[in-house]
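Below is one structure, written out as structure tokens; the observations come after it.
The values are calculated or read from the model by the stated rules, or taken from the named source; none is laboratory data. None of the values given here were measured: they were computed from a predicted structure. For neighbour counting, all protein chains shown are included, and Cβ atoms are generated from backbone atoms with ideal geometry for every residue, glycine included.
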Amino acid sequence: MLMKSFNLLLSAGLLCCVPAPAQAAQAQSFTLEQVMSSPFPTGLTAATSVNRVAWVFDIRGERNVWVADAPDFKGRQVTHYHGDDGQQILSLRLTPDGKTVVYVRGSEVNREGYVANPASEITQPKQQVWAADVQNGKETLLGDLGCEREGCADIQVSPDGQWVVWTASHHLWLEPVSGNKRPRLLTELRGDERQPQWSPDGKHIAFVSDRNDHSFIAIFDFSPERVRYVAPSADRDSDPQWSPDGSEIAFIRVAGAENHLPLIPLRPHPWSIYVANATSGEARQIWHSRQDVSGSLPPFAEQSLQFAAAGPRIIFCSEEDGHNHLYTISDKGGNPLLLTPGDYDVEEVTLSRDKTAVLFTSNKNDVDRRHIWRVNSWGVAPIPPGIESQQAKPLTHGDTIEWSPMMLADGKTIVCLGSGAISPAMPYHITQQGREMIAAEALPKDFPSAQLVQPQPVTFPSDDGLEIHGQLFVPPNRTQPGPALVFVHGGPARQMLLGFHYSYYYHNAYAENQYLASLGYVVLSVNYRLGIMYGRAFREPVDSSWRGAAEYKDVVAAAKYLQGLPTVDRKSIGIWGGSYGGFLTALALARNSDIFAAGVDIHGVHDWSSFPQLWDDGAQQAPDYRDARKLSYDSSPIAAVSQWKSPVLLIHGDDDRNVPFQQTTDLVQRLKAQHIDFEEIVFPDEIHDFLLWKTWVRGYQATASFFNRRLQNPRLQKE
């Protein structure tokens, strides 16, 4: 049975009206709504034949498609959806001529097959595929067939721009971009069909046919209509990529499911790259990883595997030297060449139009930011005439952050998304002088950039000596001890940055930390182990998460760092975070209420042992299943709930598709039994990554209000 939706104080309007400490109230110069008012850009995409770029702007929950053309890059709105209704725009694509945008509108579906309805509309929303004319904004419904219960995803436009294929209800669906025909089901094969990829001539579609314990690469031929399988095996094949001439397909192969494997030790997940003849389907292995943990499939492998020019050659990433780096190898095999040596990690990867260069984002030379770099994809010496040197070159640098690089049709113009410490995410055009904002007119005139603080990069040791990075937000003119907060991100495979984040979730969290700093709180955002961009060993410690929660050491280390600051009252330290950060918040309050005086736990995990299916396939068949279940319980907040003393605010949407809402219902009963002071806010029909802008604002207002009431500090008021 679901709990009542709202805490009585909140529903009475009291939580949002409690005053901040006196000095903080005087220092505050902007509202939460102002710092969260900027349009957030996603889905940056470009036409292949003209210099046009498109993206989605989310402006206070109102989502629409925008476009801009080189060279002036004047932004203009294409679609005209109104209201904070929670309906996302996903999988945005431009046709090659740039005249039409194609996209999915509507949120993901839950396990019951329903699109999220956070606005509590009487009629259930739908997820649908749409096309819109870029010139006049006229919208055409391409279809919702197949989207009713499983959702639509992964739209791919044909090379001639006439057709669009997408995945829905486990299968592939095809329809003309014009919408003059009904969508049709291409196949009715067993398993889940995903990752469709058009051949360069548009006569074939390669895709993955996932059979759960194994998967195949399949090819759909249009003439005659048939399906062929590429080197079928008992393994899992994925991520098909066509060669530029369409004669070959590269793909990734990992082992198929195996029963009775132990759960507790970290196991290696080695992988291989295969190249298949697209006509015969015969495949050969051209590279395989090491068999130890360092040779495991990297998290960025899917989007980095691409055919490049010369030979051709294949670009891929590997973590075998401890960092995620790019390599190039001939499609015939041989020794791969490292393209990005150094003590840093590569994240996003895209190729130049002529496929002779790789654009990538990285924290090279700037560990807690992202910049765009360029390196040639040739990978052999001597470098042919006209090809730039092997040395990677920065395209952006300085105190800014850039991501989603995209080269336009002319092969030289580059656009991206970017932000900074006091500037929110926006689209940019990269120039010789730096970067120029696109659609600057969409940025609210009262966005409080001048009132925001510059977070300071800090490092501190965990109790086992591991160096931990963080971003410290210090209120202006802070001289006396006062309250402070530790912020713990979710994921956990994330990295918080020295500026507004490239993820909408953490873009909002960064805005909240700025708001909390304006209220007088010192805030330390901690990049604990399990996070990305500090190397594979940092991201995958053997005793973390449900295997021992070693990352909690880093959270305690962050609190101790704050305790050592002269501007922090060591008895007034709170903690907040969402998702995995909610887990760490609950763990902190359960284990160390002596350190953490209050916390806000947003849709956190509280009992690892309640869903062993997250650990591994067939977990209950493992020889150490009982030991693993006990270890996972002991690593959970509920194992230490008897020690929990500090007050907590729990926030959760009851249609959460990532962390089951039952994680909060269970914790609430345990807190009641222990007579722990708690407050709760439940958002009916909201999902994990809140869809309504007003949900974010309400939740973050309540967070600030909670800390204002629970961490009142007389010394702060006397400053």
Item to complete: Quick one: residue 680 ticks every box in (1) within 30 Å of residue 109 (Cα to Cα); (2) outside any strand (DSSP E or B); (3) not aliphatic (A, V, I, L, M) except a single one, so which number is it?
Response: (2)
Discussion item. If residue 477 meets every condition in (1) modelled with pLDDT of 95 or more; (2) on the phi > 0 side of the Ramachandran plot apart from one, which number is that one?
Written reply: (1)
Worksheet item: So which residues in the stretch 505-543 are under 30 Å from residue 624 (Cβ atoms), touching a residue at least 40 places away in the same chain (Cβ under 8 Å) and out of contact with any Pro (no Cβ under 7 Å at 6 or more places or on another chain)?
Response: 528, 532, 534, 535, 536, 537, 538, 539, 540, 542
Fill in: Residue within the stretch 254-270 that is surrounded by 13 or more Cβ atoms within 10 Å (Cβ to Cβ), more than 31 Å from the chain's Cα centre (by Cα), in contact (Cβ under 8 Å) with a residue 12 or more places away in the chain and in a loop (DSSP other than H, G, I, E, B) present
no
Discussion item. Just to be sure before I move on: is residue 443 touching a residue at least 24 places away in the same chain (Cβ under 8 Å) and crowded, with 21+ Cβ neighbours inside 10 Å in the structure I sent?
Written reply: no
Worksheet item: Can you pull out the strands (runs of 3 or more DSSP E) entirely within the stretch 274-379 that have at least 1 residues that are buried (at least 22 other Cβ atoms within 10 Å of the Cβ) and touching a residue at least 24 places away in the same chain (Cβ under 8 Å)?
Response: 306-308, 313-318, 325-330, 346-351, 357-362, 371-376
Discussion item. Conditions first: (1) within 28 Å of residue 53 (Cα to Cα); (2) part of a strand (DSSP E or B); (3) not small (Gly, Ala, Ser). Residue 483 passes all but one, so which condition is the exception?
Written reply: (1)
Fill in: Extreme residue, farthest from residue 332 (Cα to Cα), among residues of the stretch 213-251 that are in a loop (DSSP other than H, G, I, E, B) and of a type in the set (A, V, I, L, M)
234
Item to complete: Quick one: which strands (runs of 3 or more DSSP E) lie wholly within the stretch 110-212 and hold at least 2 residues that are in contact with a Cys (Cβ under 8 Å, 6 or more places away or on another chain) and modelled with pLDDT of 90 or more?
Response: 128-133, 163-168
Item to complete: List every residue pair whose Cβ atoms sit under 8 Å apart, with the two residues 6 or more apart in sequence or on different chains, where the first one lies in the stretch 671-691 and is over 15 Å from residue 651 (Cβ atoms) and the second, anywhere, is buried (at least 23 other Cβ atoms within 10 Å of the Cβ) and modelled with pLDDT under 95.
Response: none
Worksheet item: So which residues in the stretch 413-440 are at pLDDT below 95, among the polar types (S, T, N, Q) and part of a strand (DSSP E or B), if there are any at all?
Response: 431
Worksheet entry | Which listed residue is over 21 Å from residue 71 (Cβ atoms), crowded, with 17+ Cβ neighbours inside 10 Å, under 24 Å from the mean Cα position of the chain (by Cα) and not aliphatic (A, V, I, L, M), from 398, 470 | 470
Worksheet entry | Qualifying residue in the stretch 118-140 (condition: out of contact with any Asp or Glu (no Cβ under 6 Å at 6 or more places or on another chain), within 19 Å of residue 690 (Cβ to Cβ) and of a type in the set (Val, Ile, Thr)) | no
Worksheet item: So how many residues does the stretch 68-88 have that are among the aliphatic types (A, V, I, L, M) and out of contact with any Leu (no Cβ under 8 Å at 6 or more places or on another chain)?
Response: 2
Practice prompt. Inspect the stretch 204-219 for any residue being over 18 Å from residue 156 (Cα atoms), surrounded by fewer than 22 Cβ atoms within 10 Å (Cβ to Cβ) and among the hydroxyl-bearing types (Ser, Thr, Tyr) and give the result as yes or no.
Written response: no
Worksheet item: Taking the condition of a type outside the set (Val, Ile, Thr) and assigned to a loop (DSSP other than H, G, I, E, B), does residue 698 pass?
Response: no
Worksheet item: Quick check: anything in the stretch 24-41 at pLDDT below 95 and either touching a Cys at 6+ places or on another chain (Cβ under 9 Å) or surrounded by 22 or more Cβ atoms within 10 Å (Cβ to Cβ) (or both)?
Response: yes
Fill in: Flag for residue 523 being in contact with a Gly (Cβ under 8 Å, 6 or more places away or on another chain), among the β-branched types (Val, Ile, Thr) and more than 25 Å from residue 325 (Cβ to Cβ)
no
Practice prompt. Tell me which residues, restricted to the stretch 572-611, are modelled with pLDDT of 95 or more, out of contact with any helix residue (DSSP H, G or I) (no Cβ under 6 Å at 6 or more places or on another chain) and surrounded by fewer than 21 Cβ atoms within 10 Å (Cβ to Cβ).
Written response: 592, 593, 594
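Condition check ((1) modelled with pLDDT under 95; (2) within 27 Å of residue 515 (Cα to Cα); (3) surrounded by fewer than 21 Cβ atoms within 10 Å (Cβ to Cβ)) across all residues:
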site: 627; (1), (2), (3): yes, no, yes
site: 635; (1), (2), (3): no, no, no
site: 641; (1), (2), (3): no, no, yes
site: 648; (1), (2), (3): no, yes, no
site: 652; (1), (2), (3): no, yes, no
site: 666; (1), (2), (3): no, no, yes
site: 672; (1), (2), (3): no, no, yes
site: 683; (1), (2), (3): no, yes, no
site: 699; (1), (2), (3): no, yes, no
Worksheet item: Do the conditions hold for residue 486, that is, is it more than 30 Å from residue 711 (Cβ to Cβ), among the β-branched types (Val, Ile, Thr), touching a residue at least 12 places away in the same chain (Cβ under 8 Å) and buried (at least 20 other Cβ atoms within 10 Å of the Cβ)?
Response: no
Fill in: Residues located in the stretch 446-462, provided they are out of contact with any Leu (no Cβ under 7 Å at 6 or more places or on another chain) and surrounded by 13 or more Cβ atoms within 10 Å (Cβ to Cβ)
447, 448, 449, 451, 452, 453, 454, 460, 461, 462
